[in-house]
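Let me begin by presenting the structure, written as structure tokens, before commenting on it.
The values are calculated or read from the model by the stated rules, or taken from the named source; none is laboratory data. None of the values given here were measured: they were computed from a predicted structure. Ideal geometry is used to build each Cβ from the backbone, glycine not excepted, and the neighbour counts take in all protein chains shown.
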Amino acid sequence: MAFSRLTCLAAFGLALIACGDSEPGGPHGGTEGSGGGGGGPAAAAPEAPVLEFVMPMAGVLHVEWTPQEGCDQFEGERKDPMNDYVVAFTIAGSKNAYMDPEATEDMEYTYRLRCKVGEVYSAYSNEMSGNPTDEESSHE
């Protein structure tokens, strides 16, 4: 009985892969939503942005990056020593900086971002960290 279930599950998984309904990486794999559903080829993922610096400024953190051409939006994620990454901001693709009003505590915050074109996401950028109360804090 267990063998026949395993065989059935394996066959189902292969069928999904053959149909193109299986997305590698899941929600943080960089291609979320790129399946298309129309039977045509999936859109190519855009290039990842590059974080340039995370700098304390006026008691919060200023995050700046080199954008990639053609991004509709940038999605920035932040984590701190007690929490994993969460979406901290979504900003227009024409922007290249963000002042994070939530990053005010005396601790190190780490950022990463990705570009979104339609429903397709790039891979995540490099990670950079900073502390809003430490003027020396701007590093990878």
Open item on the list: Can you tell me which residue is farthest from Gly130 (Cα to Cα) among those in the range 102-118 that are surrounded by 18 or more Cβ atoms within 10 Å (Cβ to Cβ) and of a type in the set (A, V, I, L, M)?
Closed with: Val117
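Can you tell me which residue within the range 123-137, out of those that are at pLDDT 95 or above and crowded, with 16+ Cβ neighbours inside 10 Å, is nearest to Pro56 (Cα to Cα)? Break it down stepwise before answering.
Taking the range 123-137 as the starting set, the residues that turn out to be at pLDDT 95 or above are 123-132.
Narrowing the set further to residues that are crowded, with 16+ Cβ neighbours inside 10 Å leaves 123-125, 128-132.
On the way: Ala123: 26, Tyr124: 22, Ser125: 20, Met128: 13, Ser129: 10, Gly130: 7, Asn131: 6, Pro132: 4 Å.
Ranking the candidates gives Pro132 first.
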Open item on the list: It is to be established whether one or more residues within the range 63-73 are closer than 30 Å to Ala44 by Cβ, small (Gly, Ala, Ser) and out of contact with any Lys or Arg (no Cβ under 7 Å at 6 or more places or on another chain).
Closed with: yes
TODO: Return the residue satisfying two criteria in turn: it lies in the range 89-116 and is of a type in the set (S, T, N, Q) and in a strand (DSSP E or B), and of such residues it is farthest from Val54 (Cα to Cα).
DONE: Thr90
